[in-house]
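Contents: one structure, followed by commentary.
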Amino acid sequence: MQSLLLLAALMGGLSSANIPPADTSGYTLIWSDEFSANGRPDPSKWDYERGFERNREPQWYQPGNASCKDGFLTITARKERVPNPDYDPASNDWKKNRQYAEYTSTSMITRGKFHFKYGRVTMRAKIDVRKGSWPAFWMLGANRANGGWPACGEVDIMEFYRGNLLANACWQGEDKTTWDETKHPVAAWGGESGRTSSMNGNWSGMKTAWSFQ
């Protein structure tokens, strides 16, 4: 098992406020963030991805879409035009041949600040499940710079994609990328017509956990 980094790219919120504590029997807490200080997320714990990142997604990642207030982290997706400083109309690179981004959001990462090899990760969140949103809380191997993806490995603690909540793991197989995944349709909680997957306001229901032994 390789060391793992945490990443959060959400359009919703993460918090422990007014939520029953997770069962941590048998574990020692080594890292957490309760987002208790108002303002920007704690810079000792979080860094940011910037610009266009992956999957030809339309959003431009920037730190300013994330804020903390009253024990909640909120990451907001905005419809706004941002110029691409690396724009090159002659480029074949999708990150460069787009003159503008039409949407912005935030992707928070722990790269260079925290990683671990074994343990348990628990998150609680409300997420936007309207069509077009792709919120996720996920991990990559800390050696990504050397081996690249998917050789570094990936664990998706929570990912909403096309009507499903996903819990995934992937790695480099002998001749292809190998996925192990589970799907939970949000239709069971009201579907994509609602604003968030709040389980009718029951925060304790929106909880996922992974253990690495």
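The values are calculated or read from the model by the stated rules, or taken from the named source; none is laboratory data. All figures in this text were calculated on a predicted structure; none of them were measured in a lab. Because the Cβ atoms are built from the backbone with ideal geometry, glycine has one as well, and the counts that use them run over all protein chains shown.
Overview of results
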| quantity | calculated |
| --- | --- |
| Test: residue in segment 37-44 that is within 16 Å of the chain's Cα centre (by Cα), within 22 Å of residue 124 (Cβ to Cβ) and not in a strand (DSSP E or B) | yes |
| Test: residue 125 is crowded, with 19+ Cβ neighbours inside 10 Å and among the hydrophobic types (A, V, I, L, M, F, W, C) | yes |
| Unique residue being in contact with a Gly (Cβ under 6 Å, 6 or more places away or on another chain) and aliphatic (A, V, I, L, M) when the list is 125, 145, 101, 167 | 125 |
| Test: residue in segment 46-65 that is surrounded by 15 or more Cβ atoms within 10 Å (Cβ to Cβ) and in contact with a helix residue (DSSP H, G or I) (Cβ under 6 Å, 6 or more places away or on another chain) | yes |
| Test set (1) at pLDDT 80 or above; (2) out of contact with any Asp or Glu (no Cβ under 9 Å at 6 or more places or on another chain) - residue 206 fails condition number | (1) |
| Single match in 28, 76 (criterion: in contact (Cβ under 8 Å) with a residue 60 or more places away in the chain, β-branched (Val, Ile, Thr) and surrounded by fewer than 18 Cβ atoms within 10 Å (Cβ to Cβ)) | 76 |
